[in-house]
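First the structure, in the form of structure tokens, and then the observations on it.
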Amino acid sequence: MPLNCYDCKVELRDKTGDPNKCSIIAYNGGYAFLCHNCITWGPSFGHGDNGWYEKDACGGCKGRLLDGRFKAADTSTRAQGKHLKALAEEMKGKLAPKSSAAQAGAGAVPAQGVANPSLHPAAPAARSLASSRFKAIYEGTECPKRQPKLLGPVLDLILCYCQQRSIPEAEGDRFYTELEKEAFERKDEVLGEVPAAAQRLWTSGKKLEGVEFCSMLNFAIRSDDGELMKHACPILRAINTLLVTRGVRDAKTVPFPPSGMTFRGGALPPEHMPFFERMRHERTMYRVPGLLATSFVRVKAKRFALQAENRGESAVLWIIHMPPDGKDDETMRCRHVNFIERTHFEDEKEFLFAAYAPFKVKAIKWAPQQVAFSDDPHVIELEACLCGKREREDLPLAPWY
């Protein structure tokens, strides 16, 4: 759910002017929301000697000073007596809404390990699983039982993606041919075990202009585009056959993560930090609009965090918790996640959550520096819920994962 301005109660907007997004603006080492309607500061977060904290907002013309817990480096500004309303006026011209064309390219969300983050838009705050095209199309899609029903949608998805991204069709054909050839290296699997072939396809390292097929599939889910989803849903049905363990597989045959923990590494832009702070503060569950890849091995996740650092982005380590009792007790196992056995990268020990899986923020440790490094990243700990079907379908969607 978007945050609202303290004064006029409208949704807070980010610096693109998009009312469906909440973002943060850096000022003097702290971060705060700005309402573009009445130019009032909303809920804000600062960084002090004891780490990140939520601080009081101006509330308009009430003239509250910058919080005294800011670092000493900010004392000069606080001593000038500038309240947040004045600061907002100073920023007004710099934060004017952009054109709709400019907004269309904003809010990029990279999948873990993707070379070109700009291809991955954030999930709109106004959407939920309940209102998504994913849900409407997925529920009417059958699981493919033969390889043409799997590989046909793979080709269609690639070509549709190419059309939307202005990539030559010939490049899409070349990429599909590589995936098809790779799939038929295990002919018995692709001809007789379609779900297993779909699972292995998810792990392929082949790339189209720097983007792997797994990222293309997640792009379709995040964008919730009707044409992309039409082609993606048969593939997702096949993958989910081996992910959703409810009544499908004996949970005892599914490898369980040591101590009930898996890991994920990557980048975390500062504008998305307040979303997770809010989820932690409100103890609210949210859903992830995509398949969420995690690993049994912490060092594998930290390698993706290192890639983020090398791109000049803040590194984050996600730790996903499941009840440790699940090792021996099937009733305490998550029903919408599975260990990826059919993979091109066995050393990754991948534990893959189904699309729109719900999570709750358990704890957060923000790195002391503004740009977090992989050896001291932001750390966000999540609790995976046991059964996604039990949770509300209108839960907020994560803008980043």
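Observations on the structure shown:
- Averaging 1/r over each pair of different alpha-carbon atoms in the stretch 131-278 and inverting the result gives 16.9 Å, the Kirkwood hydrodynamic radius.
- Taking Cβ atoms as reference points and 9 Å as the exclusive limit, the residues near A267 contribute a net charge of -1, counting Lys and Arg as +1 and Asp and Glu as -1.
- Stretching the chain fully between M332 and E169 yields a gain of 54.0 nm (0.36 nm per residue, less the alpha carbon separation).
- For a paramagnetic label modelled on R146 (point 7 Å from Cα along Cα→Cβ), amide N atoms under 15 Å away belong, within the stretch 175-214, to 190-194.
- Built from the Cα atoms of the stretch 256-311, the convex hull projects on average onto 5.1 nm², one quarter of its surface area.
- Each residue was assigned an accessible area with a 1.4 Å probe, and for D376 the value is about 50 Å².
- Between R298 and E182, the simple label model (points 7 Å from Cα in the Cβ direction) yields a spacing of 3.0 nm.
- Ranked packing of 369-375, 265-271, most packed first, by mean Cβ within 10 Å: 265-271, 369-375
- Summary of the geometry: the stretch 345-361 and the stretch 363-401, compared by the centres of their Cα atoms, lie 13 Å apart.
- Listed peptides 382-391, 169-178 by packing density, highest first (mean Cβ within 10 Å): 382-391, 169-178
The values are calculated or read from the model by the stated rules, or taken from the named source; none is laboratory data. A quick note: this is a predicted structure, and the numbers were derived from the prediction, not measured. Please note: Cβ atoms are built from the backbone with ideal geometry, for glycine as well, and neighbour counts cover all protein chains shown. For the accessible areas, the whole protein counts, side chains as well, though only heavy atoms, and no ligand, DNA or RNA atoms are used. Shrake-Rupley method; radii C 1.70, N 1.55, O 1.52, S 1.80 Å.
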